[in-house]
Amino acid sequence: MADLHLDRPLPLPPGLDDDKQDWLRKAPLRALEKAVTAAVKKQVDFVLISGDIYHKADRSVHAFWAFRNQMVRLSDAAIPVYMIHGNHDPVSAGTNYFKLPANVHVFPPEGEAVWHWTKTGGGWIYGFSYPEPAYTETPYHHYIKQHGGDFHIALLHGQAGSDTSHAPYAPFQPSELRQLQMDYWALGHIHQRQLLMEDPPIVYPGSLTGLTRKETGEKGVYEVRMPSSGRPDLYFLPCADVLQHTVVTSIQHLYHMDEWIQSVKRALPETEAHILLTVQVKGSGRLHQLFRQQREETAAVLESELHSFSCTLMRLDVQTASSTRDTNSPVVQDILDLSGREETRKELDQRLEGLHMHGSIRRHAAFPDEQTKEELLKQAADELLLTLEEEVE
Amino acid sequence: MRLYRIHIESFGRWKHQTWEADEKSTLFFGWNEAGKSTILSFIESVFFGFTVSTEARSAGSLQFVGKDGSIWLLERRQGRTKSGDLRITKDGQTVKEEEFFQGMTRKSFQLTCRVDLDQLQRMDDLSPDDMNRMLLDTSLAGIAPVLQRSEALRKEGEKLFKPRGQKAEANRTAVSLDELAASISRWEDKLDEYKLLNQRKDTISTRMAQIDEEAASLRTKQEEAETAVRTAALYTRWKEEKELLEKEPRLPSHARREMETIEEIIQELSEEKAVVKEQFPDISAPSLTKEEAAQLERLHEDASHFHMCLQQYDEAGSELELLQDKEEDLQKPLPEKIDLTVSTAGSAAREQLQRLFDQKDQLKKQEQEMEKRPKTLPVSNAARTVLILPYVLLAAALLFGDWTGALFLAALAGTITLLRRSLFTFHDSEMAGLKRSWDQFYEEVDEWCRKSGLPPGWDLTEYREAVSMLETASGILDQRRYHERKRQTASAWMDEYRQQADAFLPPGTSSADVPAYVKQRWEDSKQEEKTFTQLVERRDWLQERQHEIETKIAFREAQKQDWLEKAGTDEDHFWAVVEEAEALRERQAEVRDIWTRICTLIPVESQRTRVLQLIDEDQMPSPENIHEQQTALAAEREKLVKEETSISLSLKEMEEEGTYEKIRQQYTTEKRLLDDLLERWMVIEAAQALTTTLRKRYEEEKQPAVLQRAADRFARMTEYKQITAGPDDGQFTVHRSDGVSFQPEELSRGTKELLYLSLRLALVEENPVLPLFMDEALVNMDAPRRAALWKELADLPVQMLFFTCHEHLQEEWREAASGREYLL
């Protein structure tokens, strides 16, 4: 497993009651507990954790306490744990609040190879922890293959060179990792589950829980069975009882809200997990005005309609476009023309100065960049064009 | 674009109705509820959609004639949707809506082409600013709906955020975030101290352990001081007398007991020795020698055999007498010539006799066969036997003395003999052969008699009887011989036994009593021998015991001598020495007892050492001083316990409750709310910015012409000469011909309505896309203003449709406008 981020808050919508908010917040802790339960039940040989156990490691006392409790469970079951620290919980953050039980081995920043005994022999496990939050060197020198052993397994918290979705921490190329002749690469850092290479397996198990709306789908851990010869077999074990899901809908050709609600329901995944749902509404059509002018009411109606599902509506993202944009009305053309003009941009800048003037807002809110302002004006034009839309029931 | 025909297929109260409009002016007159407003509402609905329920199945069309003479048909019908589907054709060809409306919307329609009483009356309710804004917006022609929307957004935006306010939603959220951030900051400070708190907790634990040790030490000191006080007197006495312990008594403590015991034992042994001496027994030799005793032993062992011989002797005698009787009984029925004792008939004679019987039977059979033949009567042996049988039986009867039977048999035998002689006379020749056989047979019989010692001439049956008797007699004779030998053997053995036993028997003892006397004599001998052995053993034991006692006495005497040597004195002074040693020992015990009491008071040696040292050095600590120290330590400990409890609670809260994470979650949620609110607010602000620039463009490019046209109409209808809108603040002002200026709100109601209508007419004139619809717009005006307005309307180059229920307006329309009139 990797990227537990046990103490990371979820971007929950306002208005949830405290109990539900707490339950959702504790989803990573429950996922860890479930993963450990599975490990104990299956009596695995050992557990690998590839970094980012904590999200805010310098103050993760509670998360550490909860993590240690689970490690004690593994200790009671005589299951060793090999773990490394990543960019979110580097060694410098001082995560040694408690002493972890003796079954947990934490790889040091300088890296090491550890021998693991098995019933039939043993093998080498390699890894290194981030000394600081930023580690931008290539990591290859930490993985010098040792002699002997039935297996060679490497733990690495890093970024594949071709992936630009995250900061380039410990950047590597899968082809280079293959040169190091390991039998299995247990990766961390990228939250989306993916298999970079099949032989040897170079695997991101993904985050243990979907923490942002981009981290969709089932989340959990991999159970890896290593035969005496041949490639390891990977079995994904879902652990998270909360998952992120995004439904993209279009209002094109829709006449009634009911039709749209049904399209959302149809797009919900079949799962026993609780769904944190993000709904995107795109396209142009008769419902555009309704979504634009009554977004809150529409979201409330949707939430009400989803009541029978184990589901929390995280966000109703309305991106519908006005159909009047395409008309040759002078007013419409004037609005669209002016929304891109510098004079309008300057007018907007003046109006947004109010944000800077407000101390509390300045402390908590991010100010829009030029691209965002452009988007704001685009949305503003749509807002004004709403008045030109044909009214719908 | 001129409206040509209105056709209602179904709308409200109207079904399948058609009205054609005048190219200049059309009036729909009717009382209330006649359907005027329904027609106007139908026209607007065909343009922009029905707003009534689909159940009404509203439908209808409008037909227009373009400037170029083209025919436009707008047909709307409710179907899936409430608004209904609009189909526009130009000269029969379907065209896009936009081609007809050219940007016109329901709102822009209502703000330009439709003038109704509500719009005019609403002006009375507006604030000066709002009225000014409405007039300005109206003057801005086609962007009026946009400006209205912008205004609505502005109000929405004010609810979301105000740069200087506190009540707006984002402002309140930001304050809440401030509080959460402060809480997070406090928690972070607290969590930053987590390790320090743990260290402090360890320090406290260590210090508390030290305090406990110190308190224990103080308690020890206090106890030692108290113990020293209690022990001092004893310890002083012990020190004074402890030298006695170094002296060694001349005799050990057990000397008295040992010496007394030795003397007691010597006394007891001496007395026992005397008793033993008196117990030696007198022993005399046994009456029989060993040989005699052995002889008697053998006789005793053979006594049972003597009994058996005696019994055998008697039994043999009895048996011989019985045999004698049997022999005599056997001899009696035999002829005297047969001496049973000498006859030799045995088993061989019996067998031979049986053969003779068989032979005789054979011969008799031959005789009988001969007597049966006609000439020669064959006589079988059986017959012959029958013939002979009476004789034999007669002989037997005579032998046994049965005279009656003998007579009967004699008669029978005579008869048979007579019969036989008559029979045999016929068979002489054959009989001769048979007779020879018989002769031979009788010779063999005689021979057998000779060998058997029996007299000849008897019948074979008699011989058989005799042989049987002889055999019996022979058995008797054998038995008699056996018993005689047995009797002789027993008699001989008994005689020998008697001869050997005579020495031990009283004279005249009968043979039958011999074994009893032997047994008695043997038992006496055995008893005598046993007594003798016991006395010898007793004597030997007493001798051995006497020797043992003497040895013990000697040993004890030696011990006694040792003690005397240890005491270094003689027997007379020994006990004085003992008493001296015991006195010393008693004092030593007292000293030891003192030490024991000290040890009881202070059992632990190290503590005892310290306490005695305190007594020796006379440096016992002050109880008050100890108490002060104890109080100080207790206070410090209590303080530390409180601090440790507080720290433990804090640590537990940090570890287990996850409050920090909960607050961070709340912050994240609130932050998202703030972001959402501000995003919406920024969109609204962007809309405001866009509206501002849009308004500027319209103010600069289009408003002046509209204002000028409106001012001209307004001037014609009133005494006001000019209408202006402020370049900066947009303040709307009307200027009277006498130079006095007024704000719109300062005008009379009728004048305000004319001002508004001037702007609306100017706008319609500016963009005459659709006809002008006037719904009771002139109701509130006085007659002069209405007249002025009618005049302006007559000049307006736009198709107009009027709707009224007022007859005076109907009349005025007829006078000022004329055209097509419908009475509903």
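The values are calculated or read from the model by the stated rules, or taken from the named source; none is laboratory data. None of these values were measured; they are calculated from a predicted model. Don't worry about glycine lacking a Cβ; one is built from the backbone with ideal geometry, like all the others, and counts go over all protein chains shown. We work out accessible area using only protein heavy atoms, side chains counted, and drop any ligands, DNA or RNA first. Shrake-Rupley method; radii C 1.70, N 1.55, O 1.52, S 1.80 Å.
For the stretch B:207-247, the residues whose amide N sits under 19 Å from a probe point set 7 Å from the Cα of B:LEU601 along the beta carbon direction are B:220-243. For chain B, the dipole from Cβ point charges (+1 on Lys and Arg, -1 on Asp and Glu) about the Cα centre works out to 7120 debye, to the nearest 20. List the pair-distance distribution P(r) of the protein assembly as shown, using every Cα-Cα distance, as the percent of pairs falling in each 20 Å bin from 0 up to the bin containing the longest distance, rounded to whole percents. Percent of Cα pairs in each bin: 7, 17, 13, 11, 9, 7, 9, 10, 8, 7, 2, 0.
Each residue of the stretch B:390-402 was assigned a 3J(HN,Hα) from its phi angle through the Karplus expression (A = 6.51, B = -1.76, C = 1.60, θ = phi - 60°), giving x, 5, 5, 5, 4, 4, 5, 5, 5, 4, 8, x, 8 Hz with x at Gly and Pro. Put a dot 7 Å past the Cα of B:SER510, heading toward its Cβ, do the same for A:GLN43, and the two dots end up 10.8 nm apart. Be a star and scan the stretch B:117-152 for residues whose amide nitrogen sits under 18 Å from the point 7 Å along the Cα-to-Cβ vector of A:ARG341. Within reach of a label on A:ARG341, which here means backbone N under 18 Å from a point 7 Å along Cα→Cβ, the stretch B:117-152 contributes B:137, B:140-148, B:150. Note on A:LEU237/A:LYS99: beta-carbon distance plugged into 1/(1 + (r/R0)^6) with R0 of 30 Å gives a FRET efficiency of 0.55.
Return the carbon/sulfur percentage of the accessible area of the stretch A:18-238, one whole number, probe 1.4 Å, all protein chains in place.
Numbers: 4750 of 9580 Å².
Ligands and nucleic acids excluded, carbon and sulfur reach 50 percent.
Which residues in the stretch B:579-610 have a backbone N closer than 11 Å to a point placed 7 Å from the Cα of B:GLU223 along the Cα-to-Cβ line? The answer is B:602-604, B:607-608.
Under the shape rule built on the C-alpha gyration tensor, where the axes satisfy a ≥ b ≥ c, chain A is prolate, since a/c reaches at least 1.5 and a/b is greater than b/c.
For the stretch A:18-238, the percent of C-alpha pairs falling in each 5 Å distance bin, counted from 0 to the bin holding the largest distance, reads 1, 7, 15, 20, 22, 18, 12, 4, 1, 0, 0, 0.
Contact with the other protein chains removes 20 Å² or more of accessible area, compared with the isolated chain and a 1.4 Å probe, from these residues of the stretch A:59-87: A:ARG59, A:VAL61, A:HIS62, A:TRP65. Against the main long axis of the alpha-carbon atoms of chain A, helix A:370-385 sits at an angle near 40°.
Legend: Rg and Dmax of chain B, from Cα coordinates, 89.0, 231 Å. Charge dipole (Cα centre; +1 on Lys/Arg Cβ, -1 on Asp/Glu Cβ; no other charges) of the stretch A:176-227 amounts to roughly 260 debye. Helix B:605-617 axis versus longest C-alpha principal axis of chain B: approximately 70°, rounded to the nearest ten. Over the residues of the protein assembly as shown, the helix contribution to mean residue ellipticity at 222 nm works out to -19000 deg cm²/dmol, using -39500 (n - 2.57) for each DSSP H run of at least 4.
Go through the stretch B:586-629 and name the GluC sites (Glu not before Pro) that are in a DSSP coil and have 14 or fewer other Cβ atoms within 10 Å of their Cβ.
On the way: sites: B:GLU586, B:GLU590, B:GLU605, B:GLU617, B:GLU624, B:GLU628; in loops: none.
For GluC sites (Glu not before Pro) across the stretch B:586-629 that sit outside H, G, I, E and B with at most 14 neighbouring Cβ atoms in 10 Å, the list is empty.
Taken per residue, the accessible surface of the stretch B:393-531 reaches 61 Å², heavy atoms only and a 1.4 Å probe.
Backbone amide hydrogens, once placed in the peptide plane, bring A:GLY188 within less than 5 Å of A:LEU156, A:HIS157, A:GLY158, excluding anything fewer than 5 places away on its chain.
For the stretch B:399-539, the share of alpha carbon pairs falling in successive 5 Å distance bins from zero is 2, 7, 8, 8, 9, 8, 7, 5, 4, 4, 4, 5, 5, 4, 4, 4, 4, 3, 2, 1, 1, 1, 0, 0 percent. Summed over all non-identical Cα pairs, the Kirkwood treatment of the stretch B:704-824 gives a radius of 15.2 Å.
Amide H contacts of B:GLN731: B:GLY726, each under 5 Å away and 5 or more positions distant or on a separate chain (H built 1.01 Å from N in the peptide plane; Pro and chain starts excluded). Put simply, chains A and B cover up around 6500 Å² of each other's accessible surface, both sides summed, when a 1.4 Å probe is used.
What is the spin-label model distance, in nm, from B:ASP402 to B:ASP795 if the labels are put 7 Å beyond Cα along the C-beta direction? Each label point lies 7 Å from its Cα, and together they span 20.7 nm.
Over all distinct Cα-Cα pairs of the stretch A:148-235, the Kirkwood formula returns a hydrodynamic radius of 13.7 Å.
Beyond 23 Å, the tail of the calculated P(r) for the stretch B:74-200 holds 64 percent of the Cα pairs.
The amide H of B:GLU20, built 1.01 Å from its N in the peptide plane, has B:ILE6 as neighbours under 5 Å, considering only residues 5 or more places off or on other chains. At full extension, B:GLU33 and B:ASN198 could sit 50.7 nm farther apart than now, given 0.36 nm per residue minus the alpha carbon distance.
Candidates B:TRP563, B:VAL514, B:VAL467 compared by Cα position along the dipole of the stretch B:461-595: farthest toward the positive end lies B:VAL467, with charges placed on Cβ.
The GluC sites (Glu not before Pro) of the stretch B:794-824 include none that DSSP puts in a loop with a beta carbon having at most 11 other beta carbons within 10 Å. Computed from point charges on the beta carbon alone (+1 for Lys and Arg, -1 for Asp and Glu), the dipole magnitude for the stretch B:37-120 about its Cα centre is near 200 Debye. Farthest toward the positive end of the dipole of the stretch B:154-308, out of B:THR261, B:ILE204, B:GLY165, is the Cα of B:GLY165, where the dipole comes from beta carbon charges about the Cα centre.
A:LEU290 contributes about 30 Å² of solvent-accessible surface, heavy atoms of the protein only, 1.4 Å probe.
The residues of chain A have, on average, 44 Å² of accessible surface per residue, using a 1.4 Å probe with all protein chains present. Annotation for the stretch B:143-198: trypsin sites (Lys or Arg not before Pro) lying in DSSP loop with at most 14 further Cβ atoms inside 10 Å of their Cβ are B:ARG164, B:LYS167.
Length gained on full extension, B:LYS372 to B:ASP593: 64.3 nm, using 0.36 nm per residue less the C-alpha separation.
I'd like the FRET efficiency for B:ASP358 and B:GLU321, computed as 1/(1 + (r/R0)^6) with the beta carbon distance as r and R0 of 41 Å, rounded to 0.05. Please list the in-between numbers first.
Numbers: r = 41 Å, r/R0 = 1.01.
The formula returns an efficiency of 0.50 here.
Take chain A and mark each of the trypsin sites (Lys or Arg not before Pro) that is in a DSSP loop with at most 12 other Cβ atoms within 10 Å; the longest unmarked stretch, sites excluded, is A:215-393. Post the alpha-carbon centroid distance, the stretch A:89-133 to the stretch A:329-388, in whole angstrom. Here the answer is 52 Å between Cα centres. Projecting the Cα atoms of A:MET257, A:VAL318, A:LEU277 onto the dipole axis of the stretch A:242-321, where Lys and Arg carry +1 and Asp and Glu carry -1 at the beta carbon, places A:VAL318 farthest toward the positive end. Within the accessible surface of the stretch B:673-824, defined with a 1.4 Å probe on protein heavy atoms only, the carbon and sulfur portion equals 45 percent. Relative to one another, the C-alpha centroids of the stretch B:208-225 and the stretch B:27-58 are positioned 105 Å apart. Please work out how much length the chain gains when fully extended from B:LYS652 to B:ALA632, using 0.36 nm per residue of separation minus the C-alpha to C-alpha distance, in nm with one decimal. Extra length from B:LYS652 to B:ALA632 when fully extended: 4.2 nm. Helix B:659-701 and the long axis of chain B differ in direction by around 20°, with both axes built from C-alpha atoms.
What's the center-to-center distance, using Cα atoms, between the stretch B:297-317 and the stretch A:163-238 in Å? Going from one Cα centre to the other spans 124 Å.
In the context of the full protein assembly, B:LYS519 retains an accessible surface of approximately 100 Å², using a probe radius of 1.4 Å and ignoring ligands and nucleic acids.
In order along the stretch A:312-323, the Karplus-derived 3J(HN,Hα) couplings, from 6.51 cos²θ - 1.76 cosθ + 1.60 at θ = phi - 60°, round to 10, 7, 7, 6, 9, 9, 8, 10, 5, 10, 6, 6 Hz, and Gly and Pro are given as x.
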